[in-house]
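The values are calculated or read from the model by the stated rules, or taken from the named source; none is laboratory data. Being a predicted model, the structure only gives us computed values, none of them experimental. When we count neighbours, we look across all protein chains shown, and the Cβ atoms used for this are built from the backbone with ideal geometry, even at glycine. We work out accessible area using only protein heavy atoms, side chains counted, and drop any ligands, DNA or RNA first. Shrake-Rupley method; radii C 1.70, N 1.55, O 1.52, S 1.80 Å.
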Amino acid sequence: ISPIPFGGRVAAIDGGSATLLSARSFVLGVYRSGYVIFRNQKRVEEKINPIALEIVSYGNMEAKYKNAFFKLARENPSETPEMSKILDRLRLFSEWSLAVELVEKLNEGDVILIDGSLRASIVPPYSFLNRLTQRAFEKKIHLVGISKSSTLYWGKKSPLIPMVVKTAEKLGVDKSWYCLLT
């Protein structure tokens, strides 16, 4: 990839969560998410959501999960994960909500970096990711998944990341490059 001038904005979304106390009948934890927007290598805007303190129990976990899922995806979830995963899912919903916000805020040619492989699963569900990517496509905004690992495959049986690395080695790539995937 040859360097080219870029005058657009680049936004990056991330979040974090931590379990403070895990008991048999409840989990106490915190999460937050936010984004930063850069233009010409300078931070021009940031939004950091306040830390959310959550107490997730057997008595409230289904309602907390269903409400947050519905708010994001506009549909009911097919299942509720185990209690220990609810906090992380709430953080993910918060991150994806920021992606929706940024798609509306940014302009043609801008880029949104999202933590993860942009693969639909339970979180985010296919219908949500389809709406988000369609809207980004309409506005000509680039969504980029940033991932240290991937469950995607090259063909039917080869894990994607090792195949991309092998391809780079085979081609003798020693600078920035890209691999077009369909």
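Things to note:
- Once segment 31-41 is narrowed to residues that are open to solvent by 40 Å² or more (accessible area, probe 1.4 Å) and at pLDDT 95 or above, the residue that is farthest from V144 (Cα to Cα) is R32.
- Members of segment 1-30 that are of a type in the set (G, A, S), in a loop (DSSP other than H, G, I, E, B) and over 22 Å from I146 (Cα atoms): A23, S25
- Looking only at residues in segment 115-138 that are of a type in the set (S, T, N, Q) and open to solvent by 50 Å² or more (accessible area, probe 1.4 Å), the one that is modelled with the lowest pLDDT is S121.
- Check on L98, touching a Phe, Trp or Tyr at 6+ places or on another chain (Cβ under 7 Å) and within 30 Å of P3 (Cα to Cα): yes
- Restricting S158, S127 to residues that are more than 22 Å from F6 (Cβ to Cβ), out of contact with any strand residue (DSSP E or B) (no Cβ under 9 Å at 6 or more places or on another chain) and free of Cβ contacts under 8 Å to residues at least 12 places away in the same chain narrows the list to S158.
- As a summary of the residue check, Y153 satisfies the conditions (1) open to solvent by 70 Å² or more (accessible area, probe 1.4 Å); (2) touching a Leu at 6+ places or on another chain (Cβ under 9 Å); (3) closer than 15 Å to R74 by Cβ except for the one numbered (3).
- Looking at I86, I112, I141, just one residue is crowded, with 16+ Cβ neighbours inside 10 Å, over 30 Å from L53 (Cβ atoms) and in contact with a helix residue (DSSP H, G or I) (Cβ under 9 Å, 6 or more places away or on another chain), and that residue is I141.
- Taking strands (runs of 3 or more DSSP E) as the structural unit, those lying wholly within segment 38-147 and holding at least 2 residues that are touching a Leu at 6+ places or on another chain (Cβ under 8 Å) and under 30 Å from L28 (Cα atoms) correspond to 52-57, 142-146.
- Residue in segment 48-71 that is surrounded by fewer than 17 Cβ atoms within 10 Å (Cβ to Cβ) and under 18 Å from N130 (Cα atoms) present: yes
- Filter result for G109 (over 28 Å from P77 (Cα atoms) and in contact (Cβ under 8 Å) with a residue 12 or more places away in the chain): yes
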